[in-house]
């Protein structure tokens, strides 16, 4: 994979998480395959390749690749506006988190506990989501930037749905961090838009 293709994978994963957050907020439901993949991506801290972070395939970030392509192609008809807003907010939030060594330490320690839960219960268990939701609340939700999720209040007020939304946002932060580690910056979305668009379309056939 080229560097642009690797960046496209990481950015598509941010989009995937944002789309899942939007789905949860509007319908209270979640696609098990992508959701489990994103939970495991949070815990996969030393992947051999970028794609290994997400199970070694683009299968579970296919919606995210579509969303990223729509944004880069400036296809307003295909663009998911809520997901785009969440994606851009996650990129900002990750930058704020990166400056907080104390927060990174807490995240590292507590993710070890979540990893034990995943091994015991599986990636899509209520206890795992509760652990991720609590971790997000205690860390990222205390930062200056707050992500306002819009949707159906019937679902947003349910504790299980709220935990899943926070867990997905945490997975989005993981992907945003990976994107930045690969040299990604928000201004690249303008300056290198065409290169990233080509890379995104290329990755869709992996």
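Output the number of the condition that residue 155 fails; it satisfies all remaining conditions of (1) under 19 Å from the mean Cα position of the chain (by Cα); (2) buried (at least 17 other Cβ atoms within 10 Å of the Cβ).
Status for residue 155: all satisfied but (1).
What's the number of the condition residue 17 fails, among (1) crowded, with 23+ Cβ neighbours inside 10 Å; (2) under 13 Å from the mean Cα position of the chain (by Cα); (3) farther than 24 Å from residue 134 by Cα?
All conditions are met except number (3).
Enumerate the helices (runs of 4 or more DSSP H) found wholly within the range 88-206, keeping only those where 1 or more residues are farther than 23 Å from residue 61 by Cα, touching a helix residue (DSSP H, G or I) at 6+ places or on another chain (Cβ under 9 Å) and in contact (Cβ under 8 Å) with a residue 60 or more places away in the chain.
Numbers: elements: 101-121, 126-138, 153-156, 159-181, 188-191, 193-203.
Counting at least 1 such residues, we get 153-156.
Determine if the range 93-116 includes at least one residue that is modelled with pLDDT of 95 or more and within 20 Å of residue 22 (Cα to Cα).
There is at least one residue in the range 93-116 that is modelled with pLDDT of 95 or more and within 20 Å of residue 22 (Cα to Cα).
Residue by residue, here is whether (1) over 16 Å from residue 5 (Cα atoms); (2) surrounded by fewer than 16 Cβ atoms within 10 Å (Cβ to Cβ) holds:
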{"residue": "49", "(1), (2)": "no, yes"}
{"residue": "54", "(1), (2)": "no, no"}
{"residue": "58", "(1), (2)": "no, no"}
{"residue": "65", "(1), (2)": "no, no"}
{"residue": "69", "(1), (2)": "no, no"}
{"residue": "76", "(1), (2)": "yes, yes"}
{"residue": "80", "(1), (2)": "yes, no"}
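The values are calculated or read from the model by the stated rules, or taken from the named source; none is laboratory data. Since we're looking at a predicted model, the values are computed, not measured. With ideal geometry, Cβ positions are generated from the backbone for all residues, glycine too; neighbour counts draw on all protein chains shown.
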